[in-house]
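Colleague: Please see the structure below; I have some questions.
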Amino acid sequence: MSPFFDFFFGQYSEYSNLHITLEIIAAFLGFLSVLFAWFNKIWVYPAGIISTSIYVYLLLEWSLLGDMMINVYYFIMSIYGWYVWTRKVNEVSVTPISKTTSEEDNVAIIIFIMTILFVFGVYVVFDKLNDWPAYIDTLTTAIFFVGMWLMAKRKIENWIFWIIGDIISVPLYFYKGFTFTSLQYLLFTVIAIFGYITWKKNLDNTPVIA
C-alpha cells in the first residue's frame, strides 16, 4: 500500500466495513444537502435529515460527543427549516431570503454562548476534555449551531458561519482520522462561498416584503 494512501486512509483499517460505508453515504448526502442549499432548494432538508441521522449513530460509536450533538441539533433544525422554508408568507410566496434583524443578531449571540457553555459542560461531565480537539470541537459546535439556526430561518448570514466553521473543520477532522469527512468539509467551504454569492444576488433582486 502506498505511503500516500496510508497517510490519507490508513486509519480506516481499524474501522468496520459498515462504518466506512455509512460515513461515505452520510458525507455524500451531506454534500448534496449543502449543494441544494446553495441553489436555495427545499431538498436541502430531506438529504440533511438522512445524513445527520447516520452521523449521530457514527459519532456516538466514536465517542465524539460535540460532533454528535451538532448532528442531533441539525436533525431537529432540519425539520424546523423544512417547515419555515415551505411556510407561505402570503397567498403566493414562501419565506424569502433575508438579512437578520437586530433581535435575531442578539438571539444568535445567545445561541453561540449557550452552546459553548453546554458542550464544554458535557465534555467535563464525561471526562472527555483531555485534548485540544475537544476545545476546537466546542467552538465549531457553537458556530454551526448558529449557522444552522440562521439557515432554517433563511437568513443570508448563515453562510458566513458555515464558511468559518468549515474552514476550521477541514484540518480538525483530518487530525481525528476521518478523511472522507475532512474532504467533505473542504467541499463545503467552496460551496458555502458560492452559496453566499448566489443568495446575495437573490436577495438583491427580491423586493422587500412589508
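The values are calculated or read from the model by the stated rules, or taken from the named source; none is laboratory data. This structure is a prediction, so every number in the text was calculated from the model and none was measured. All Cβ positions, glycine included, derive from the backbone under ideal geometry; neighbour counts span all protein chains shown.
Colleague: For segment 87-103, what are the residues that are touching a residue at least 60 places away in the same chain (Cβ under 8 Å), surrounded by 12 or more Cβ atoms within 10 Å (Cβ to Cβ) and touching a strand residue (DSSP E or B) at 6+ places or on another chain (Cβ under 9 Å)?
Modeller: I97, S98
Colleague: Here is a follow-up. Give me the pairs, please: first residue somewhere in segment 117-135 and under 14 Å from S63 (Cα atoms), second residue anywhere and surrounded by fewer than 12 Cβ atoms within 10 Å (Cβ to Cβ), beta-carbon distance under 6 Å, and either six or more positions apart or on two chains.
Modeller: none
Colleague: Also, quick follow-up: Of everything in segment 53-86 that's closer than 15 Å to H19 by Cα and free of Cβ contacts under 8 Å to residues at least 12 places away in the same chain, which residue is surrounded by the fewest Cβ atoms within 10 Å (Cβ to Cβ)?
Modeller: The residue in question is L60.
Colleague: What do you reckon, is F8 surrounded by 12 or more Cβ atoms within 10 Å (Cβ to Cβ) and at pLDDT 85 or above?
Modeller: In short, no.
Colleague: Pull up segment 104-148, narrow it to residues that are buried (at least 22 other Cβ atoms within 10 Å of the Cβ) and of a type in the set (F, W, Y), then point me to the one that is nearest to T198 (Cα to Cα).
Modeller: F144
Colleague: Does segment 54-79 hold any residues that are within 13 Å of A26 (Cβ to Cβ) and among the hydroxyl-bearing types (S, T, Y), and which are they?
Modeller: The answer is Y55, Y57, Y74.
Colleague: Could you check I168 against (1) crowded, with 23+ Cβ neighbours inside 10 Å; (2) under 14 Å from the mean Cα position of the chain (by Cα); (3) among the hydrophobic types (A, V, I, L, M, F, W, C) and say which number it fails?
Modeller: (1)
Colleague: In contact with a Phe, Trp or Tyr (Cβ under 8 Å, 6 or more places away or on another chain), of a type in the set (A, V, I, L, M), in a helix (DSSP H, G or I) and more than 22 Å from G121 (Cβ to Cβ), is that true of L32?
Modeller: Yes; evaluated as a whole, the condition is true for this residue.
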